[in-house]
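Single-structure report; data block below.
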Amino acid sequence: MSLLSALRTRRVAHAPAATLAPSTGISLQSRCYATPAKPAQKTASKFKRNKDKKEQPKRAPRDSGVFRPMPVTNLTHPVFQSEQRTPLQLPLFRPEAITPAAATKAMAFPQEESRALKAYGLPRNILVDYLLIAKPCSVVREATVDVLDQLDNAAGSSSKENRIVFTGKAGSGKSYLMLQAVQYCIQKEWLTLYIPRAISLVNSSTAYAYDARTQTYGQPAFAQQLLKRFADVNAALLQSLSVQGSYPLEERTVPAGAPLANLINVGVEIQHYAPTVLKLVLDELALQTKYPVLLAVDDFQALYCTSQYRDTFFKSVKSYHLMLPRTLLEFASGKKNFARGAFLGALSMQDTKFRAPLELIEALGLEPLGPSNPYVPRQPELVEYANGLKNFPVPEQLTVDEAASIYDLWQKTKALHLPLSDEMFLAKYTEANGNAGRFVKHGLLESVAM
């Protein structure tokens, strides 16, 4: 019988290790496993280090590939001379310089007062501009002069009478106007608390914890950082303020008459106390009369929207059930007031997840985006928190002089490919229909030299 037929009939299943005919030259191996090989023994290296030779310093790890621009001083060839940026020579943004005659002029923020920009941060659109411009600056508009005049009047009155909200279309300059107001108040020795991105308070981007004592949700990490920034920006003014009440906390007690900075340090050092301490600090600022207080909130409409946080039953948490947004809403609605000062808010139209609700739109006298008949339900809590707010409409279009100042400012930075000509300026101004945001973003930044 041949090997092939034997395999087919499985007659070789019980065959021994070698049962094939010698003519075939093929042998079947029985199923077994080889013994594991012994590991090789390591032998000592015969290489001897030269002790007399100095050891070379270890090589630093290679760069991960991040782009780093070459310093301008290294570009000595004449072909690069025309592209070198010269320092911007702009007048400083000073309170005494902000007059009706200063409208349409570009001014640079003083370096010593610009620490607020680094401490509090900036809205995203302004941050992109300042990454390209040599120094933080802005163009003074007619609306700027009007707002600063209102702040001068608010310095001697209660914040209940000075609750202003900047409204206007996207790109009209509401965030720049608020930044100018913050810089102005810092130089006028106001206690200033600035929140440039209020959406971060309700978009579930920070940790939160339920406080059974206040029946609200606290945000310890956000409150701790905000206390640090407030103490950094207002360090000189806080030295002369003291607390008027006694605050016995679990681990520390801040007695009456102690410096207000001591109360702030408790929230900075102990994170889970930060939400409560921030609320107490705002209450103390409301009682003192030595300095006016400015509370400025950008993305203000987000405080009236349902947050993206969830409770233990996975239900959406209302914004006024969060401790910090609720405190801000209380000052915005006039339930709590500063003895001297103002409250400023700015609506943002960029994030469609947090649009201004109907209650806020009706309180400001704006045109509703959807149905607004009596059959549309309104939340009584939001109606109460929006009561008494004053609408400050920001002009939707730049004047020709204001747009010309912006155009000249960007040309001085030498970051554009656009030729300096009246025809090009009028073309970009017309394309944007006078809108400040579109004029810069679509008209100028699309030609940025990369």
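The values are calculated or read from the model by the stated rules, or taken from the named source; none is laboratory data. Computed from a predicted structure; not experimentally measured. For neighbour counting, all protein chains shown are included, and Cβ atoms are generated from backbone atoms with ideal geometry for every residue, glycine included.
Structure above, values below:
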item	result
Flag if Ala207 is hydrophobic (A, V, I, L, M, F, W, C), in a loop (DSSP other than H, G, I, E, B), under 30 Å from His272 (Cα atoms) and in contact with a helix residue (DSSP H, G or I) (Cβ under 8 Å, 6 or more places away or on another chain)	yes
Some residue of segment 162-175 being of a type outside the set (A, V, I, L, M), part of a helix (DSSP H, G or I) and surrounded by fewer than 19 Cβ atoms within 10 Å (Cβ to Cβ)	no
Test result for Ser240, part of a loop (DSSP other than H, G, I, E, B) and under 30 Å from Gln187 (Cα atoms)	yes
Residues of segment 126-161 that turn out to be surrounded by 20 or more Cβ atoms within 10 Å (Cβ to Cβ), among the aliphatic types (A, V, I, L, M) and not in a helix (DSSP H, G or I), as a count	2
Test result for Leu280, modelled with pLDDT of 90 or more, within 22 Å of Ser348 (Cα to Cα) and assigned by TED's automatic domain parsing to the domain that holds Ala198	no
Selection status of Gly443, small (Gly, Ala, Ser), touching a helix residue (DSSP H, G or I) at 6+ places or on another chain (Cβ under 7 Å) and not assigned by TED's automatic domain parsing to the domain that holds Asn337	yes
Glu367 among the acidic types (Asp, Glu), at pLDDT below 85 and surrounded by fewer than 17 Cβ atoms within 10 Å (Cβ to Cβ)	no
Residues located in segment 98-117, provided they are within 14 Å of Gln180 (Cβ to Cβ), of a type outside the set (A, V, I, L, M) and within 22 Å of the chain's Cα centre (by Cα)	Phe109, Pro110, Glu113, Ser114
Pro91 vs. criteria under 17 Å from Gln180 (Cα atoms), at pLDDT 70 or above and under 27 Å from the mean Cα position of the chain (by Cα)	no
Candidates Ala256, Ala231, Ala236 - the one that is without any contact (Cβ under 8 Å) to a residue 12 or more places away in the chain and over 16 Å from the mean Cα position of the chain (by Cα)	Ala236
